[in-house]
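See below for the structure under consideration.
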């Protein structure tokens, strides 16, 4: 375990994911948000799949396959920066609030708001170039979704 930790600390910055992998980066970030509070519920999984279907025009089986790949990637990725870099490169600034709103919808899907989720989403919004105000607007939009 110590060697793994040392390797992660001394490794060079993670390479930027190529544009086609931006979908996988989004899916992995959705999974990371869902797992942040220590619970990964069916409701959150369903919300992730619906988000992938809506954002990428996937069918249900394709979305589930992408989510499954993302679950493995999320587990292996040492940090969140890897995902946000790929998304920042692939998504124009004006569309990032909608992206953060999708992340909030997953965080709120289980019916509770957790301090760790708040912290993660504030960091993600910042890494995506959004202000705290834009993050709050994205959260409010997600709270209004059914």
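Bear in mind that the values in this text are calculations on the coordinates, not laboratory data. Everything quoted here is computed from the prediction, not taken from an experiment. Cβ atoms come from the backbone with ideal geometry, glycine included; neighbour counts cover every protein chain shown.
A few remarks follow.
- FRET efficiency for the residue 56 to residue 79 pair, using the beta carbon distance and R₀ = 30 Å, is estimated at 0.80.
- The stretch between residue 123 and residue 43 holds 26.4 nm of extra length on full extension. This uses 0.36 nm per residue minus the Cα-Cα distance.
- Helix-only [θ]222 nm of the chain, DSSP H runs n ≥ 4, -39500 (n - 2.57) each, per residue, nearest 500: -22500 deg cm²/dmol
- Using alpha-carbon coordinates, inclination of helix 42-56 to the longest axis of the chain, degrees: 90 degrees
- Rounded if a/c under 1.5, otherwise prolate or oblate - region 91-146, Cα gyration tensor axes: oblate
- Remark: the Cα gyration tensor places region 47-111 in the rounded category, a/c being less than 1.5.
- Mean-position separation - Cα centroids, region 74-107 and region 35-72, in angstrom: 14 Å
- Spin-label pair residue 64/residue 113, simplified geometry with 7 Å Cα→Cβ offset, distance in nm: 3.3 nm
- Relative to the dominant Cα principal axis of the chain, helix 60-76 is inclined by about 40°.
- Prolate/oblate/rounded label for region 20-144 (Cα gyration tensor, a/c 1.5): rounded
- Nearest 10 degrees, 0 to 90: helix 81-90 Cα axis against the chain principal axis: 60 degrees
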